[in-house]
Amino acid sequence: MRLTFTRIRHLVLICLLLAIQVIIIAQDSPTRLTINEPVSGTLGDGNVTDIYEFEGTANGVLTITVTSEELSYGLLLKDAEGNTVSEAIADDDGVISLEDVLLTNTGSYLITIFSTGDEGDYEITILIEGSDTLAVEPEPSDPPASTGNFVTELPDVADVLVNSGMEVRLQWSAAVDLNLEVRDPRGNTLFFNNRQSPIGGSFGFDANGVCDVISDAPVETATWQPGFLPAGSYEILVFYRQNCTDSNLSVPFTVTVTYNGNVLEAIEGDIPPPINDNTDSVYVANFTVQDESTATVNQGGQYPDTALQNLPATTVELQGQAVPIERNVPITGALFEEQDFVVYSFEAEANENITVTMTATSRNLDTLLQLVGPNGNLLSVNDDSNGTTNSTITNQRIVQSGTYLLVATRYGKEVGGTEGEFSLVVTESTGSLPDSVANLVVPEGDIQVFLTWNNNTDLQLLVRDPLAAAVYDDEPQITSGGILAENGNVGCTVSEGDPLSYIYWPNGLLRPGTYEVDVWFENQCNDTSLVEFDLTVVVNGEVIIVQRQTPAIGQRFVTNFTINPDGTVDIGEANFIGRGITLADIENEPRVPISPSVPVTGSITLDNDFDVYTFSATAGQIVTIAMETPASNLDSHVFLLNSAGIQVFDNDDAPEGSFVGTTERSTDSLISGFTIPADGEYLIIASRYGKNFGGTLGSYQLTLQVSQ
């Protein structure tokens with residue numbers, strides 16, 4: 001009979017417990033509990049619940065003990081957001097003992113004691129290990145840092161018990177070498193060259209690795225054994241390494257995540273071959289572990305090397321979101337799935353040198369930093385600095401006074417999977433030589449251009465003088481006096497010590513005019529480590545340019561400087577250049593109509609990087625556009641955009657013999673025999689090599705020919 005009564009009593013208490021989880025009878029002020037100090041209470045017909053409050057700290061371990069000789073009662077523990085942490089019903093001896101309850105957040109917790117209507121007394125005591133100040137009235141403290149509308153702090157995340165383990169599986173159906181890599185919330189990685197992680201992860205077979213053993217149905221897996229695993233975001237990267245046949249098509253693939261025995265939503269994607277053998281073609285996705293039973297997938301997308309240069313929003317949108325910051329005052333922020341970038345602004349004066357440092361301070365955050373100038377141009381980007389996944393823009397020369405934007409984001413931006421908090425600071429740099437070149441023994445000169453880097457790759461340095469003569473490895477000395485004195489790792493011949501390329505104009509050969517500096521990542525030389533270079537320019541003993549950059553294979557970094565007749569120096573913009581141009585680049589340029597067979601003339605100067613011309617054409621017409629510079633030093637570059645503003649063709653250097661009287665490749669530009677695909681207005685952009693970052697100047701003649 002007692003067994004039946006006990007069951008009935010428990011059923012009643014369970015029903016009451018479920019009801020209380022929906023509505024807790026409010027009290028004006030919950031009673032405060034102090035650690036290890038028992039508190040007595042009474043429940044009866046007029047009072048069926050008592051509510052207590054205590055302060056807990058993340059990762060504290062809580063024990064609750066309640067005793068009563070008279071009551072049939074239960075207990076409910078909730079956090080400040082109303083989430084149920086634990087619940088219990090008294091045993092037959094009238095005792096509730098909750099042990100080893102892990103507190104996940106710092107803040108207030110509520111304990112509700114409730115009865116089925118019996119009248120009687122009870123006693124409650126709490127213990128919390130891991131803090132001396134828990135369960136007492138908290139001391140007043142400053143509120144968390146807040147920056148505009150951006151989240152600046154992330155909650156602590158505890159490990160979760162995964163009884164059935166976890167697996168990430170990559171499958172594809174092609175004779176292609178794809179690679180799987182998974183980065184866990186603590187920053188550990190699993191891939192073919194790192195097969196174990198400290199939290200129990202392991203990597204399986206490298207399918208189609210270097211095309212040694214080829215399968216048409218390859219599979220790669222990363223697995224984690226049952227046990228405690230960190231909650232948070234796990235980033236998934238799929239790399240297209242190489243093709244094992246002659247196909248050059250994109251490869252569809254499937255990534256399947258099995259979490260604690262449950263198969264999550266499949267990640268379906270495709271990945272194209274890299275543009276050359278030494279560039280990365282990457283697909284980035286992630287999945288987030290919330291608790292022991294819940295994990296969600298974010299599909300992600302393709303993220304080629306060129307995506308590092310893409311801003312996460314338009315310049316106008318970034319300016320509208322930017323939060324002003326001060327020099328030399330570190331600020332904190334956070335990046336995660338719902339906030340993949342933060343924007344700051346600061347004021348700077350022309351000819352200043354500034355350095356910006358962004359350092360991850362929690363979780364697995366892989367930072368990316370972008371600097372945008374007052375005119376909306378992207379000036380500098382840094383992903384990884386000094387062999388870490390932190391980011392630094394070093395000794396950036398400020399060209400014009402105004403408001404600058406800093407975009408603090410992560411690798412992958414909106415498709416990325418890393419998250420965490422960071423610290424960011426803007427400082428004014430000194431004008432002294434960087435350590436990498438301060439002690440070099442090289443010939444002195446009025447103009448000195450140093451390029452140093454950190455591995456065995458072949459980087460090429462070129463400097464073009466005001467007459468457009470270029471000094472580089474194929475032309476080590478030019479008429480104006482420029483000399484290539486050092487040529488590090490040329491032809492993949494590894495230099496002793498750190499590689500150095502050095503071009504200089506000896507003392508007494510300072511010539512006014514505009515000089516263009518070009519750094520080209522020519523050859524990886526079988527060195528797959530991350531390359532980072534320092535570019536330093538010194539004029540008349542004054543350091544005018546210091547740039548630290550991380551290029552991808554094939555990329556070119558271009559900047560320029562102008563020596564005025566009075567010896568002062570103006571610094572041009574600097575960045576990696578591509579062959580593309582968009583409407584945003586020319587939004588402030590007037591559009592001038594051009595007629596077929598009627599040449600027009602123009603001039604590219606330091607203040608005029610582009611001229612824009614328009615013409616109408618119908619589908620099927622054939623156009624030829626020639627941009628010639630017979631009487632100037634301009635290295636021209638011509639672009640053709642369609643009626644939607646999308647680039648459809650461009651040319652930098654015309655093929656050999658394209659123009660009358662020439663037998664070699666020309667620095668003039670020619671778009672020859674392009675067939676118009678659709679009716680509409682078309683744009684011709686007359687510019688120069690390097691666009692707004694280039695340094696050649698001069699007049700040009702532009703001719704449009706149209707035929708049926």
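In the context of the full set of protein chains, residues of the chain present 45 Å² of accessible surface per residue (probe radius 1.4 Å, heavy atoms only).
Across region 358-437, Cα pairs under 8 Å and at least six residues apart give a relative contact order of 39 percent.
The relative contact order of the chain comes to 8 percent, based on Cα pairs under 8 Å that sit 6 or more residues apart. Annotation: amide H of ARG241 within the under-5 Å range of ASP177, LEU178, ASN179, sequence separation 5 or more or interchain, hydrogens built in the peptide plane. Amide H contacts under 5 Å for SER495: ASN489, restricted to partners 5 or more places along the chain or on a different chain, H placed in the peptide plane at 1.01 Å from N.
Using r as the Cβ-Cβ distance of ASP498 and ASP474, and R0 as 35 Å, what FRET efficiency do you calculate, to the nearest 0.05?
For R0 = 35 Å, the calculated efficiency reads 0.90.
Here's how it looks for GLN555: its modeled amide H is under 5 Å from those of PHE521, which are all 5 or more places away or on a different chain. Protein heavy-atom surface of the chain, 1.4 angstrom probe: 49% of the accessible area is carbon and sulfur, with nucleic acids and ligands not counted.
Computed from backbone phi, the HN-Hα couplings of region 305-316 come to 4, 5, 5, 4, 7, 7, 6, x, 7, 5, 4, 4 Hz, rounded to whole numbers (Karplus: 6.51 cos²θ - 1.76 cosθ + 1.60, θ = phi - 60°; Gly and Pro given as x).
Distance from the alpha carbon centroid of region 605-646 to that of region 192-271 works out to 46 angstrom. Between 0 and 90 degrees, the angle of helix 2-22 with respect to the longest Cα principal axis of the chain falls at about 40 degrees. Here each label is just a point 7 Å from Cα along the line to Cβ, and for LEU433 and THR361 those points are 3.7 nm apart.
Roughly what % of DSSP beta bridges within the chain run antiparallel, to the nearest 5?
Taking every DSSP beta bridge within the chain, about 95 percent pair in antiparallel fashion.
For a quick protection proxy, order the peptides 527-534, 367-374 by their average other-Cβ count within 10 Å, most packed first. Could you put the intermediate results ahead of the total?
Values: 527-534: 17.1, 367-374: 22.9.
Per-residue mean Cβ counts within 10 Å order the peptides as 367-374, 527-534.
Loop only per DSSP, at most 14 neighbouring Cβ atoms within 10 Å: give me the chymotrypsin sites (Phe, Trp or Tyr not before Pro) in region 178-217, ordered by residue number. Mind showing how you got there, number by number?
Numbers: sites: PHE191, PHE192, PHE203, PHE205; in loops: PHE192, PHE205.
Loop-located and lightly packed - PHE205.
Projected over every direction and averaged, the convex hull enclosing the alpha-carbon atoms of the chain yields 40.4 nm². Take every DSSP beta bridge whose two residues both sit in region 550-656, then give the antiparallel share in percent to the nearest 5. Once the DSSP bridges in region 550-656 are tallied, antiparallel ones form about 80 percent. Assign one of three labels to region 313-368, namely rounded, prolate or oblate, based on the Cα gyration tensor with a ≥ b ≥ c the square roots of its eigenvalues; rounded applies when a/c is under 1.5, prolate when it is not and a/b is larger than b/c, and oblate otherwise. Verdict is oblate for region 313-368. Distance from the alpha carbon centroid of region 584-601 to that of region 518-573 works out to 32 angstrom.
Grab the beta carbon distance between ALA631 and ASN328, set R0 = 56 Å, and tell me the FRET efficiency rounded to 0.05.
The value I calculate is 0.65.
Couplings 3J(HN,Hα) of region 523-539, computed from phi: 8, 6, 6, 6, 9, 8, 6, 5, 9, 9, 10, 10, 10, 10, 10, 10, 10 Hz, in residue order, whole Hz [Karplus 6.51 cos²θ - 1.76 cosθ + 1.60, θ = phi - 60°; x for Gly and Pro].
Ellipticity at 222 nm from helices only: DSSP H runs of n ≥ 4 in the chain, each -39500 (n - 2.57), divided by the residue count, give -1500 deg cm²/dmol. With K and R counted +1 and D and E -1, the other residues having a Cβ less than 12 Å from that of SER385 yield a net charge of -4.
Shown in residue order for region 346-354 are the 3J(HN,Hα) couplings computed by the Karplus curve 6.51 cos²θ - 1.76 cosθ + 1.60 at θ = phi - 60°: 8, 9, 9, 9, 3, 6, 6, 10, 10 Hz (x for Gly and Pro).
The values are calculated or read from the model by the stated rules, or taken from the named source; none is laboratory data. Treat the numbers as computed from the prediction; the structure is a model and nothing was measured. Don't worry about glycine lacking a Cβ; one is built from the backbone with ideal geometry, like all the others, and counts go over all protein chains shown. Please note that ligands, DNA and RNA were not included when accessible areas were found on the heavy atoms of the full protein model with its side chains. Shrake-Rupley method; radii C 1.70, N 1.55, O 1.52, S 1.80 Å.
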